[in-house]
Amino acid sequence: MDQINKKMVEEEQEDCTLDGTVDQHGRPAARKRTGKWVAAVLILVNQGLATLAFFGVGVNLVLFLTRVLGQGNADAANNVSKWTGTVYIFSLLGAFLSDSYWGRYKTCAIFQAIFVVGLASLSLSSYLFLVKPAGCGDKQTLCEPHSALRIASFYVSIYLTALGYGGYQPNIATLGADQFDEGHPKEGHSKVAFFSYFYLALNLGSLFSNTILDYFEDQGMWVLGFWASTGSAILALLLFLIGTARYRHFAPKGNPLSRFFQVVVAATRKWKVELPPNGGEHLYEADDGARKMLHTKGFRFVDKAAVVGSKENKEYCCGDPWLLCPVTQVEEVKCVLRLLPIWLCTILYSVVFTQMASLFVEQGATMKTTISNFHIPPASMSSFDILSVAACVFIYRRVLDPLFSSLRKSSPRGLTELQRMGTGLVIAILAMVAAGIVEHFRLQHAQSSCISCEGSSSLSILWQAPQYALIGASEVFMYVGQLEFFNSQAPDGLKSFGSALCMTSISMGNYVSSLLVTMVTNISTRDKMPGWIPWNLDRGHLDRFFFLLAALTVADLLVYTACAKWYKYTKF
């Protein structure tokens, strides 16, 4: 009987994951009943629906601001950049609450509920206050002037939407990756592939927004588009809750800020202590059963936090985390310090990326948007970006990755995450050059008597397709690489923070874009000159702005290359 019970216990243990995940009841996650692609597919569809809802608002926001609220091109582009930037700033809040207290599942559920409330509020405020008369903002019908209170209700709604989507976004990506056990060979491979499919789901979700919803909103049916986004967000939340019993979870590790500052304070308090000559072999490490990080060289000052000095001993110091920290905790700090330069170098790429939602749309609105009798909404051109992403994900996973793996005989892997991110920067430079060339020829085909810039150039809007397609190709290398890189390199207690770093690079890129547009506008409008980005783009030089971004990205690529060569990968 004892042998039978022992065998049953061993079989139960073998059936559980090896990475420490638990089920919804806090028990070790059973491999057969939880996680894997069943749970991951639910999360992928949830991501697609939520993205559809978000871009149903974001893709035409710049046109809503210009046509319905009457803002100028530069002001509208800046407000969209600030709003998009705020979306991803909120990702830090969601990541902090997830890693510290709530866990990823609870955080996703709460912020998705806030997302639904924000979209419903936006739909109601647009219907009751803003889109008056009905159908205004369709390029022909002017909207009524709006009071400060009505405009305030609009901004409260879109920033509530930003809070919900931003707080949810980094956690859903990490929760999806949690469904695969790194310690299992097959599941470990699936975990790497998940990030590509996650980004593909994100883009496919926005395809409907950038085509069908975009068309309705461009024709003045703003309220219908916003209500469609609300319905999609509600469906996404319900689908997410349906999979509750199937998800694998990591328990939150506690406040990461306190762990970070404990190392800094402990190292500072022991700044006179000499480091042992043999490095990590004589540093303190906790024996708590958690996965350990190997000691690395560099940032030697923080190693002092793990030194057991002459007046301290393990029994005494383990009760004071502000005096002695284990090596793994010290390595967490080193890991964050190493990630920051890489993260900073990705911000300028996000400046390029954000032009799709602002200046690319404004550029397209001045071009010929009809083919025979069919009208192409300017924002729908981002469909070429989405199709490019879908094609490049397939090409990279099925063709390029196996090819690079066969060429690199010393390693079974293809391009590393850092190499892929660098490739994304190179393609982004080509995208800005293409946008500048298109703008140069658009100006040559513009009508000199243009009063309103809408459709003033005879150059077809389809000439924008290459710049959108190049942005899409660069995303596959940059953003998918970022998701994999930050998730794999972040410590176990900061996985959501790792995904949030990717989101916040987009956030900072939007803020930098807004600052750059303001600076360029102020400098280029001196001495009675209309400037590079005036209200009437036919009197400006938007091409020069795109070429400026290309030059800045070249400089960023050089700095990034140096940082990537310096970076040391984290080992467990």
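Quick notes
- Loop-located trypsin sites (Lys or Arg not before Pro) in the stretch 484-528 whose Cβ has at most 10 other Cβ within 10 Å (DSSP): Arg526, Lys528
- Taking every C-alpha pair closer than 8 Å and separated by at least 6 residues, the mean separation divided by the residue count of the chain gives a relative contact order of 21 percent.
- Where a label projected 7 Å from the Cα of Gln140 along Cα→Cβ would reach, residues of the stretch 360-391 with amide N under 15 Å: 374-375
- Packing rank of 350-359, 97-106, where each peptide gets the mean count of other beta carbons within 10 Å, highest leading: 350-359, 97-106
- Computed from backbone phi with θ = phi - 60° and the Karplus coefficients 6.51, -1.76 and 1.60, the 3J(HN,Hα) list for the stretch 85-100 is x, 5, 3, 7, 5, 5, 5, 5, 4, x, 5, 5, 5, 5, 5, 8 Hz; x is used for glycine and proline.
- Against the empirical 2.2 N^0.38 Å (N residues), the stretch 97-141 has a Cα radius of gyration ratio of 1.84.
- Full-extension gain in nm, Ser372 to Ser405, via 0.36 nm per residue minus C-alpha separation: 7.1 nm
- Filter on Lys36/Lys571; Lys495/Lys565; Lys32/Lys253; Lys32/Lys106; Lys106/Lys565; Lys270/Lys568 - keep pairs with C-alpha separation over 30 Å: Lys106/Lys565
- Probe 1.4 Å, accessible area per residue of the chain, Å²: 43
- Among the listed values (i) 40, 27, 22; (ii) 45, 27, 23; (iii) 45, 34, 23, the one matching semi-axes √(5λ) of the Cα gyration tensor in Å as calculated from this structure is (ii).
- For the stretch 45-55, 3J(HN,Hα) computed residue by residue from phi via the Karplus equation (6.51, -1.76, 1.60; θ = phi - 60°) reads 5, 4, 5, x, 5, 5, 5, 4, 5, 5, 6 Hz, glycine and proline entered as x.
- In terms of its C-alpha gyration tensor, the stretch 32-102 has an oblate overall shape, because the principal axis ratio a/c (a ≥ b ≥ c, square roots of the eigenvalues) is not below 1.5 and a/b does not outweigh b/c.
- Database remark: amide H of Ser460 closer than 5 angstrom to the amide H of Lys368 (H placed geometrically; neighbours at sequence offset of 5 or more, or on other chains; Pro and chain starts carry no H).
- Hydrodynamic radius (Kirkwood) for the stretch 456-561, which is based on Cα pairs only, to one decimal in Å: 16.7
- Here the stretch 465-511 exposes an accessible surface that is 83 percent carbon and sulfur, computed with a 1.4 Å probe and the other protein chains kept in place.
- Share of carbon and sulfur in the accessible heavy-atom surface of the stretch 43-143 [1.4 Å probe, %]: 67
- Close amide H pairs (under 5 Å, H built 1.01 Å from N) link Lys132 with Glu144, residues at least 5 positions away or on another chain.
- Placed amide H near Cys16: partners under 5 Å, 5+ positions off or other chain: Arg31
- Solvent-accessible surface (1.4 Å probe) assigned to Met221 amounts to roughly 80 Å².
- Mean separation of Cα contacts under 8 Å, 6 or more apart, over the residue count of the stretch 416-572: relative contact order %: 34
- Taking θ as phi - 60° and the Karplus parameters 6.51, -1.76 and 1.60, the scalar couplings of the stretch 459-470 work out to 6, 5, 5, 5, 5, 6, 3, x, 5, 5, 5, 5 Hz in sequence order, x denoting glycine and proline.
The values are calculated or read from the model by the stated rules, or taken from the named source; none is laboratory data. For clarity, every value in this text was computed on a predicted model and none was experimentally measured. We place every Cβ from the backbone using ideal geometry, glycine too, and count neighbours over all the protein chains shown. Areas reflect the complete protein model, heavy atoms only, side chains present, ligands, DNA and RNA absent. Shrake-Rupley method; radii C 1.70, N 1.55, O 1.52, S 1.80 Å.
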